[in-house]
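Inspection log for the structure reproduced underneath, given as structure tokens.
The values are calculated or read from the model by the stated rules, or taken from the named source; none is laboratory data. Fair warning: this is a prediction, and the values are worked out from it, not measured in the lab. Every residue, glycine as well, gets a Cβ built from its backbone with ideal geometry; the counts of neighbours run over all protein chains shown.
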Amino acid sequence: MENFQYILPEIFISASIMLFLLFGVFKKNSANLIYNLSTISLVILLALIINLSSFNKIYLFNSSYLIDNLSNYMKIILVGSGIFVMLTGSRYIQVINLNKIEYPILILSSILGMMIMISSNDLIVFYMGLELQSLALYVLASFNRDNLLSTESGLKYFVLSALSSGLLLYGCSLTYGFSESTNFDQILINSTEFNYGTTFGIVFILVGLAFKISAVPFHMWAPDVYQGSPTSVTLFFAILPKIAALAVFIKFLYTPFANMNDQWQTIIVFISIASMILGAVAAIGQKNLKRLIAYSSISHMGYALAGLATVSNQGIQSSITYISIYLVMNLAFFSCLFMLKRNDKYYENIEDLSGLSKKHPILSFSLLIVLFSLAGIPPLAGFFAKFYVFLAVIEQSMYFLAIVGLLATVVAAFYYLRIIKIIYFDPEKEEFETSHNLGLKITLAISTIFILAYFIYPSGITEVVSKIIMI
Amino acid sequence: MNFPILSSLILLPTIGALFILFTKSSSGKYQSSKYVALFISLANFLLSLYLWYVFDKNSVDFQFVENREWLSGFINYKVGIDGISILFVILTTFITPICIISVNATITNRLKDFLIAILIMETFMIGVFCSLDLVVFYLFFEAGLIPMFLIIGIWGGERRVYSAFKFFLYTLLGSVLMLVAIISIYWITGTTDVEKLYELGIKTEYQNLLWLAFFSSFAVKTPMWPVHTWLPDAHVEAPTVGSVLLAAILLKMAGYGFIRFSLGLFPIASENFTMLVYILSLIAIIYTSLVALMQEDIKKLIAYSSVAHMGFVTLGIFTMTQQGIEGSIFQMISHGLVSAALFLSVGVIYERHHTRLINKYGGLVSIMPRYAIVFMVFTLGALGLPGTTGFIGEFLILMGAFEKNILVAMIASLGVILGAAYMLWLFKRVVFGEINNQELKSMKDLKTFEIITLSALIIPILFFGFYPEPLMNSIEASVENTLNMYNFDLINNLASKD
């Protein structure tokens with residue numbers, strides 16, 4: 001056990017969770033304090049992860065736990081966005097009276113679960129991580145328990161997620177049965193020959209993962225859960241589980257099932273195309289911004305998966321770049337959403353944005369940038385995200401995927417433009433409040449500048465990501 | 001060249017836009033922001049004139065080339081100009097200050113935002129004409145959609161939302177296929193650097209599909225029949241200055257793209273599809289001229305005439321003759337000046353009378369004599385009277401066409417007559433005749449700034465109409481080089497087939 005220091009981040013965050021829990025129980029009215037302490041502990045966590053990053057592959061616990069470039073990078077963006085989620089949401093949860101000690105602790109537990117998922121190299125460890133993050137998420141979704149929609153979304157998420165976890169577990173057991181091991185590397189070695197058992201195992205595992213990443217046809221939960229959950233939780237939903245699920249996707253496809261890409265490639269291409277199209281078309285009729293961003297995230301996951309479908313390092317790297325840029329765009333979008341507050345009430349319908357640009361020029365400009373970036377219009381960051389993905393897709397001569405994907409961006413552009421139209425072209429409504437907490441302002445400023453100025457030095461992320469080599 | 005003169009040309013307007021962002025917006029009529037914008041755009045114009053002065057007209061190479069690492073390992077930021085692109089750069093820098101001067105006539109609210117949009121637009125437009133890398137080109141080409149969408153949508157007329165959406169989605173739809181083609185080119189040849197691609201050439205078997213992908217984008221932007229329908233809507237609903245930018249410069253991006261990329265990169269495919277382009281161009285010339293005859297809205301009429309004129313341009317480019325291509329470039333510059341002037345002229349009377357319907361006007365000659373003269377010059381320029389730039393462009397294009405295909409040339413010549421018909425009829429209905437509408441009598445003649453902008457446009461139209469030599473000198477060597485490369489590739493291809 002000489003390698004204990006490598007899981008120091010996980011140990012640290014578990015210890016803080018337990019400490020905060022005890023602290024919160026014994027000290028009354030400590031919700032604010034714990035919220036801030038959790039944010040600080042996330043910062044420390046981030047520092048620990050960065051500090052322990054090395055370029056070697058490190059196997060721990062009988063090689064059931066793996067720390068490599070992929071897991072390091074994914075953990076860094078995971079915890080980094082976790083910090084920003086905490087920063088942006090602090091005022092929001094106070095205003096809607098959700099400031100309880102459980103809230104930050106649940107977020108931390110969920111992040112812990114995701115970190116375990118990302119680093120897992122064994123089916124059992126992976127499943128443990130997955131359930132830890134899911135259990136925390138069920139509670140978070142229904143956290144606003146006086147609100148009917150929130151309770152509904154929590155329940156819906158729980159039922160559907162439990163179903164998908166069941167399928168996933170069934171897939172894991174099939175894989176174990178036919179390849180005689182739960183260890184990813186061992187599965188790879190044992191599954192050189194084609195057999196139906198493992199193929200079924202792949203399908204069930206992919207279904208479970210597609211559910212977590214909200215890819216079509218397992219996306220049904222996303223709009224309702226996004227709309228019903230408190231906005232800060234929606235932001236959490238929109239970013240962190242996706243990062244973790246994408247990392248696990250990459251792990252599964254390119255470690256245990258790397259020999260069977262003939263079998264899974266078609267599946268990934270299909271769910272990718274289906275997500276891109278459905279996400280683009282279904283969002284057109286939406287009236288609620290959170291619901292709309294749910295469909296938008298479905299289609300974005302389609303693009304991220306398109307990179308994975310290529311079976312090339314370039315493709316994996318492009319997906320990772322995609323999710324990195326995607327998370328910044330979502331942070332910026334939700335920061336704008338948190339600013340639509342008037343008399344302690346948050347507004348989340350598209351109509352509420354009407355004529356926003358006249359009274360709130362800076363906020364509208366940020367939204368403009370974010371929306372054009374989500375639509376993938378150059379020279380904003382969103383364009384580069386798509387560009388890398390299509391670069392990888394076309395390298396493998398998958399022209400059908402590329403053309404469908406790009407045509408879907410045109411359809412998607414329509415609904416982003418519709419929001420811009422309402423902000424800029426429509427008559428103005430009442431003013432919103434202009435005083436916001438500092439964390440929110442900083443997040444919005446950083447993310448908007450990132451999106452706007454990405455084109456000046458676009459190779460930054462690419463260079464880091466290019467060290468992640470799976471094949 | 002150590003000093004990055006082209007990058008400064010591209011970036012200067014954006015820096016100006018940033019300045020405007022910090023000028024006071026509360027003070028009365030926002031004058032300070034306007035002066036900043038005017039100053040910046042004039043400085044840019046002077047810089048581009050200096051560029052023309054130091055530009056070596058006899059060289060066929062790209063000049064002032066800047067090549068910087070950008071997307072690590074893949075794509076470089078590369079800009080440079082040759083004899084063709086420099087004219088478009090100057091056209092852009094020339095039209096922009098004129099737009100800024102005429103802004104206060106039409107834009108009443110949010111002037112500051114408007115000026116920022118125009119300056120950002122200028123950056124993208126210059127970028128399009130300077131870029132020597134396909135990805136950089138695509139970046140600028142597409143980025144222009146954002147400010148134009150806002151210009152039409154925020155400051156446009158009644159149906160502005162519909163028009164802005166149509167403009168944006170049409171153009172985007174055309175362009176995504178071009179992106180696929182650009183990435184394919186990268187994987188086929190290993191580079192997107194235009195100069196290197198000229199040398200390497202692209203394998204024959206890929207050319208047709210790639211050409212079609214580029215064509216889908218340029219055809220929408222030109223616009224060619226049958227994907228031209230966004231243009232009349234966008235023109236009619238855009239504010240005057242927006243129409244000017246759209247007609248004078250945005251449409252030229254596609255014509256420029258045809259010469260630089262379609263001809264330069266895919267010569268064999270261009271040869272294969274020549275007939276397609278001829279037919280579409282002829283339909284554009286004849287059909288849209290007829291449509292223009294029937295219009296009741298002045299702006300719509302000019303918009304359709306733009307489609308017809310751009311039909312001449314595409315026809316000329318695909319004649320693949322020295323005269324044809326030179327004529328097309330000349331026609332694009334000429335149309336850039338004339339259509340800008342026409343839209344400004346329409347803006348003048350629209351601002352006074354608030355209608356664009358032709359039948360509400362008549363007899364303006366006795367109320368606004370100066371305006372009548374100016375408008376007449378532009379009308380004659382648009383129909384291609386000898387002595388204006390319009391004549392030289394059309395003449396050269398028809399000469400090139402006669403050399404290649406007499407039937408095509410004859411049909412195209414009909415377009416010249418139709419062009420004269422609708423322009424003169426428009427002029428007659430608006431300027432001559434009885435004053436039926438009593439409200440017209442209160443209209444004032446041209447104001448000072450209108451005289452400045454309109455005469456700034458008259459001078460080059462007449463000057464280059466009589467003395468086209470400076471422009472011709474500039475493009476001659478580059479066009480010859482393009483054609484030589486084109487013919488060389490064709491002959492090589494034929495040789496390899498045998």
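Quick one: would you say B:Gly362 is in contact with a Gly (Cβ under 6 Å, 6 or more places away or on another chain) and of a type outside the set (Ser, Thr, Tyr)?
So B:Gly362 fits the description; yes.
Six or more apart or on different chains, Cβ under 9 Å: which pairs go from a residue in segment B:439-465 that's assigned to a loop (DSSP other than H, G, I, E, B) to one that's surrounded by 13 or more Cβ atoms within 10 Å (Cβ to Cβ) and of a type in the set (D, E, K, R)? Could you list them?
Partner pairs satisfying both residue conditions: B:Met443/B:Arg352; B:Lys444/B:Arg352.
Would you please name the residue that is farthest from A:Ala304 (Cα to Cα), looking only at residues in segment A:376-404 that are more than 9 Å from chain B (Cβ to nearest Cβ), over 20 Å from the mean Cα position of the chain (by Cα) and not in a loop (DSSP other than H, G, I, E, B)?
Ranking the candidates gives A:Phe400 first.
Give the number of residues within segment A:453-471 that are within 27 Å of B:Leu150 (Cβ to Cβ) and in a loop (DSSP other than H, G, I, E, B).
2
Can you tell me which residues in segment B:318-347 are surrounded by fewer than 24 Cβ atoms within 10 Å (Cβ to Cβ) and outside any helix (DSSP H, G or I)?
B:Met320, B:Thr321
Could you tell me whether segment B:308-317 includes any residue that is surrounded by fewer than 23 Cβ atoms within 10 Å (Cβ to Cβ), part of a helix (DSSP H, G or I) and more than 15 Å from the chain's Cα centre (by Cα)?
Checked against the condition, which is being surrounded by fewer than 23 Cβ atoms within 10 Å (Cβ to Cβ), part of a helix (DSSP H, G or I) and more than 15 Å from the chain's Cα centre (by Cα), segment B:308-317 yields no hits at all.
Yes/no per residue for (1) within 21 Å of the chain's Cα centre (by Cα); (2) modelled with pLDDT of 85 or more; (3) among the charged types (D, E, K, R); (4) assigned to a helix (DSSP H, G or I):
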position: B:Ser33; (1), (2), (3), (4): no, no, no, yes
position: B:Val36; (1), (2), (3), (4): no, no, no, yes
position: B:Leu42; (1), (2), (3), (4): yes, yes, no, yes
position: B:Phe45; (1), (2), (3), (4): yes, yes, no, yes
position: B:Leu49; (1), (2), (3), (4): yes, yes, no, yes
position: B:Trp52; (1), (2), (3), (4): yes, yes, no, yes
position: B:Asp56; (1), (2), (3), (4): no, no, yes, no
position: B:Ser59; (1), (2), (3), (4): no, no, no, no
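Go through segment A:59-91 residue by residue and tally those that are buried (at least 16 other Cβ atoms within 10 Å of the Cβ) and farther than 28 Å from A:Thr234 by Cβ.
Count: 8.
When segment A:1-40 is examined, which residues are found to be closer than 24 Å to A:Val125 by Cα and not in a helix (DSSP H, G or I)?
Residues satisfying the conditions are A:Met1, A:Glu2, A:Asn3.
In segment B:202-277, which helices (runs of 4 or more DSSP H) lie fully inside it and hold 3 or more residues that are without any contact (Cβ under 8 Å) to a residue 60 or more places away in the chain and among the hydrophobic types (A, V, I, L, M, F, W, C)?
B:204-221
Test B:Leu414 against the criterion of being surrounded by 13 or more Cβ atoms within 10 Å (Cβ to Cβ) and closer than 16 Å to B:Phe391 by Cα, and give yes or no.
Yes, satisfied.
Do we have B:Tyr198 as aromatic (Phe, Trp, Tyr), part of a helix (DSSP H, G or I) and surrounded by fewer than 22 Cβ atoms within 10 Å (Cβ to Cβ) here?
yes
Would you mind finding the one in A:Ile293, A:Ile277, A:Ile320, A:Ile325 that is part of a helix (DSSP H, G or I), under 28 Å from A:Ile124 (Cα atoms) and either in contact (Cβ under 8 Å) with a residue 40 or more places away in the chain or touching a Pro at 6+ places or on another chain (Cβ under 6 Å) (or both)?
A:Ile320
Considering only residues that are of a type in the set (Ser, Thr, Tyr) and part of a loop (DSSP other than H, G, I, E, B), look in segment A:418-452 and name the one that is nearest to the other protein chains (Cβ to nearest Cβ).
Filtering segment A:418-452 for residues that are of a type in the set (Ser, Thr, Tyr) and part of a loop (DSSP other than H, G, I, E, B), the one nearest to the other protein chains (Cβ to nearest Cβ) comes out as A:Thr434.
Mind counting the residues in segment A:121-153 that are polar (S, T, N, Q) and surrounded by fewer than 19 Cβ atoms within 10 Å (Cβ to Cβ)?
Residues that pass the stated criteria total 2.
Find the residue count for segment B:148-175, including only residues that are crowded, with 21+ Cβ neighbours inside 10 Å and touching a residue at least 24 places away in the same chain (Cβ under 8 Å).
Summing the residues that are crowded, with 21+ Cβ neighbours inside 10 Å and touching a residue at least 24 places away in the same chain (Cβ under 8 Å) in segment B:148-175 gives 16.
Within the set of pairs 6+ apart or on separate chains, which have a first residue in segment B:33-50 that is crowded, with 19+ Cβ neighbours inside 10 Å, a second that is basic (Lys, Arg), and C-beta atoms under 7 Å apart?
B:Ser33/B:Lys112
Would you list the helices (runs of 4 or more DSSP H) that sit entirely within segment A:160-266 and hold 3 or more residues that are surrounded by fewer than 17 Cβ atoms within 10 Å (Cβ to Cβ) and within 16 Å of the chain's Cα centre (by Cα)?
By residue number, no helices (runs of 4 or more DSSP H) qualify.
May I ask you to list the residues in segment A:44-64 that are at pLDDT 90 or above and farther than 24 Å from A:Ile468 by Cβ?
A:Ile44
Is it the case, given these coordinates, that B:Ser305 is crowded, with 24+ Cβ neighbours inside 10 Å and either without any contact (Cβ under 8 Å) to a residue 12 or more places away in the chain or hydroxyl-bearing (Ser, Thr, Tyr) (or both)?
So B:Ser305 passes the test.
Hey, could you check segment A:97-112 for residues that are among the polar types (S, T, N, Q) and under 19 Å from the mean Cα position of the chain (by Cα) and say which is nearest to A:Leu78 (Cα to Cα)?
A:Ser110
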